[in-house]
Amino acid sequence: LARCDQRHMLPHTPHTPPRQVIAAPHPYAAATQPRIRRSAEQLGIPCQRMKIENGQEAWRDVVQWVENPAEAVAVLSRLSEENILLAGDYRNLPHYASLLRKDHLFCRIVPTVEALDLAEKVGVPETHIVAAHGSYTRAFNSAVFDMLGIDVLVIRDVALDGGLAECVIPALERQIHVMMVRGE
């Protein structure tokens with residue numbers, strides 16, 4: 001059912017089938033659990049699901065961490081066709097201006113005069129701006145990701161109206177690469 005490194009496998013012979021499967025996939029590996037359960041059923045083996053504790057914070061172990069916007073830009077500049085969403089602090093938009101040559105960069109900002117003026121100043125096309133006040137719910141973020149076909153989410157590690165997990169978790173559920181810029 002799962003591949004294991006030979007050093008970590010229990011002694012097993014082909015004549016001794018497993019008696020039980022204990023499934024503990026990562027909370028955001030949504031496609032994994034049904035496959036594990038289906039495989040166990042096909043083999044006639046009971047399957048027990050173990051829940052990973054503190055799932056709301058488990059996402060911190062699976063995102064890509066960068067120290068600052070400059071490091072994020074260095075990574076993002078190597079991408080070509082991926083749709084990127086910058087979510088969070090609009091004041092960092094100038095750091096990402098070099099990426100605007102791509103038609104694949106979007107930003108989510110609050111609809112204030114200051115934020116919209118800065119987006120225009122750095123060259124973000126109007127059609128690439130998602131301007132909305134929080135709270136940003138899971139449903140709202142999910143809709144934005146789906147509507148724009150987002151492949152990469154760049155977000156700062158700070159508390160947002162609506163919560164950081166409400167943005168990151170739906171991204172991970174869609175297998176969107178999440179780049180977390182450490183809070184300042």
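The values are calculated or read from the model by the stated rules, or taken from the named source; none is laboratory data. For clarity, every value in this text was computed on a predicted model and none was experimentally measured. Quick reminder, even Gly has a Cβ in these numbers, built from the backbone with ideal geometry, and neighbours come from all protein chains shown. For the accessible areas, the whole protein counts, side chains as well, though only heavy atoms, and no ligand, DNA or RNA atoms are used. Shrake-Rupley method; radii C 1.70, N 1.55, O 1.52, S 1.80 Å.
Descriptive notes on the structure:
- For the stretch 132-139, the count of residues that are among the basic types (Lys, Arg), farther than 16 Å from ARG60 by Cβ and not in a strand (DSSP E or B) is at least one.
- Residues of the stretch 106-131 that turn out to be touching a helix residue (DSSP H, G or I) at 6+ places or on another chain (Cβ under 9 Å), outside any helix (DSSP H, G or I) and without any contact (Cβ under 8 Å) to a residue 24 or more places away in the chain, as a count: 6
- Scanning the stretch 148-179 for residues that are part of a helix (DSSP H, G or I) and either touching a Leu at 6+ places or on another chain (Cβ under 7 Å) or open to solvent by 10 Å² or more (accessible area, probe 1.4 Å) (or both) yields LEU148, ALA165, GLU166, CYS167, ALA171, LEU172, GLU173.
- When the residues of the stretch 124-147 are filtered to those that are open to solvent by 40 Å² or more (accessible area, probe 1.4 Å) and polar (S, T, N, Q), the one that is nearest to the chain's Cα centre (by Cα) is THR137.
- Meets criteria (modelled with pLDDT of 90 or more, under 25 Å from LEU172 (Cα atoms) and not β-branched (Val, Ile, Thr)) for ALA119: no
- Scanning the stretch 79-101 for residues being part of a loop (DSSP other than H, G, I, E, B) and closer than 17 Å to ILE176 by Cβ gives a total of 6.
- Restricting attention to the stretch 93-147, the residues that are touching a Leu at 6+ places or on another chain (Cβ under 8 Å) and either on the phi > 0 side of the Ramachandran plot or small (Gly, Ala, Ser) (or both) add up to 4.
- ILE84 surrounded by 13 or more Cβ atoms within 10 Å (Cβ to Cβ), of a type in the set (A, V, I, L, M), free of Cβ contacts under 8 Å to residues at least 24 places away in the same chain and within 24 Å of ARG174 (Cα to Cα): no
- The sole residue among LEU153, LEU100 that is within 22 Å of ALA70 (Cα to Cα) and at pLDDT 95 or above is LEU153.
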